[in-house]
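Visitor: This structure is in C-alpha cells; I'll ask about it shortly.
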C-alpha cells in the first residue's frame, strides 16, 4: 500500500471536512472533485458557484455533489464577524472585520475556527504569508509552542522523508531550531515513520568552527532535552546524515548511522532550496508546507503545486484533524 493509499484509508472512516478558499483554481477544483468522488474527505470549495461551474465545464470535469459555498451569501456572516472581533480582542471593529473577512483566507480560517470545518488548504494562488497570517491571528499555536513552522513530506515510490523548516521562519536561534526539530519529529510519526532526526549543517561534529555550527549543535542538545526519547544527532553534513559509508568515516559514533529520514535545516534558505532540489532533481512529490504547531490544521500549498499535491496535502490536513 502506498503512502497516499494509507492516508486515504485512515481518513475515510470519518471523512473530515476540509475547506479550499481557492475554488476558482483549476488544480484545486480537480483535486477536490477527486477527494469528493472517492469519499475520503468532505471538501468544500469557496467561491462563486456559477464561476466554479464554468471552470469545471472548461476543465471538462463533473462537479457532482461537491459542496460550493459562496462567502458573499454565507448565512452566518454576522456571527462570523462577531466571532472575529472577539478573537482579535478589540483590535478591529465590526465594520473592519467585515472587510477583512472578504479575504478568502481569513474567511476560510474563521470557518475552521468556528468549528464548521476540520481544516483548511490554501496557497495555490496565494503567498505563504497570505495563508499563514490569518492562521496565526485566529487559530494560533498550541500552548507552549512559540511559533509555527513549515515541514515538507517528500515521497517517491516506497521512500519518504520529512524536512523542516522550509517555509516559515526566516531567522531562528538555537531554541527555535530545537522547537522545529521536536515538531517535525512529531509530524514524521503521524506518517508512520520511525523518526531519525538529523540537524543539518556545513559541519559534522565540530569539523568546522563557526557560530552557525555552534547554534545547530546547541539546538540538538535543546531538542533532546525537550524530548529525551528522540533519536537525534547534530550537527551533521547531509552526506554524513544520509550515507552509511560517509557516516562511518565522518561520524562513526552517530546514533543515526547514516540512515536519517527527518532533516532539520539550519535556516530557511537551506530548507527551501533543499526540498525543491530534491523535488525537482530527484522526482519526489513534495507535500506541504505542513504548518506545525497550530491548534487546528491550516496548511499551505506552493504556488507551483500540481493537482496531485493539492490532493495529498488535503489528506494530510484531514489526518492532522483526527
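The values are calculated or read from the model by the stated rules, or taken from the named source; none is laboratory data. This is a predicted model, so every value here is computed, not measured. All Cβ positions, glycine included, derive from the backbone under ideal geometry; neighbour counts span all protein chains shown.
Visitor: Taking segment 177-193, which residues are at pLDDT 95 or above and more than 16 Å from the chain's Cα centre (by Cα)?
Guide: 177, 178
Per-residue answers, yes or no, for (1) surrounded by fewer than 15 Cβ atoms within 10 Å (Cβ to Cβ); (2) on the phi > 0 side of the Ramachandran plot; (3) free of Cβ contacts under 8 Å to residues at least 24 places away in the same chain:
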| site | (1), (2), (3) |
| --- | --- |
| 11 | no, no, no |
| 22 | no, no, no |
| 29 | no, no, no |
| 42 | no, no, no |
| 46 | no, no, no |
| 53 | yes, no, yes |
| 64 | yes, yes, no |
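Visitor: So, in segment 293-322, how many residues would count as being surrounded by 18 or more Cβ atoms within 10 Å (Cβ to Cβ) and outside any helix (DSSP H, G or I)?
Guide: Residues in segment 293-322 being surrounded by 18 or more Cβ atoms within 10 Å (Cβ to Cβ) and outside any helix (DSSP H, G or I): 10 in total.
Visitor: At least 2 residues that are closer than 30 Å to residue 308 by Cα in each: list the helices (runs of 4 or more DSSP H) lying fully within segment 79-138 that qualify.
Guide: In segment 79-138, the matching helices (runs of 4 or more DSSP H) lie at 104-113, 128-134.
Visitor: Restricting attention to segment 293-300, does a residue exist that is in contact with a helix residue (DSSP H, G or I) (Cβ under 8 Å, 6 or more places away or on another chain) and on the phi > 0 side of the Ramachandran plot?
Guide: yes
Visitor: OK, next. Hey, could you check segment 152-166 for residues that are at pLDDT below 95 and assigned to a strand (DSSP E or B) and say which is surrounded by the most Cβ atoms within 10 Å (Cβ to Cβ)?
Guide: 164
Visitor: How about segment 271-322: which of its residues are over 19 Å from residue 131 (Cα atoms) and outside the structural domain of residue 181 (by TED's automatic domain parsing)?
Guide: 308, 319, 322
Visitor: Please go through (1) touching a helix residue (DSSP H, G or I) at 6+ places or on another chain (Cβ under 8 Å); (2) surrounded by fewer than 18 Cβ atoms within 10 Å (Cβ to Cβ); (3) at pLDDT below 95 for residue 282 and return the number of the only condition it doesn't satisfy.
Guide: Tallying (1) touching a helix residue (DSSP H, G or I) at 6+ places or on another chain (Cβ under 8 Å); (2) surrounded by fewer than 18 Cβ atoms within 10 Å (Cβ to Cβ); (3) at pLDDT below 95, residue 282 fails exactly one: (1).
Visitor: Tell me which of these residue 57 doesn't satisfy, since it passes every other one: (1) out of contact with any helix residue (DSSP H, G or I) (no Cβ under 9 Å at 6 or more places or on another chain); (2) free of Cβ contacts under 8 Å to residues at least 40 places away in the same chain; (3) closer than 25 Å to residue 288 by Cβ.
Guide: (3)
Visitor: Does residue 95 satisfy being at pLDDT below 95 and either surrounded by fewer than 23 Cβ atoms within 10 Å (Cβ to Cβ) or in the same structural domain as residue 23 (by TED's automatic domain parsing) (or both)?
Guide: It is true that residue 95 is at pLDDT below 95 and either surrounded by fewer than 23 Cβ atoms within 10 Å (Cβ to Cβ) or in the same structural domain as residue 23 (by TED's automatic domain parsing) (or both).
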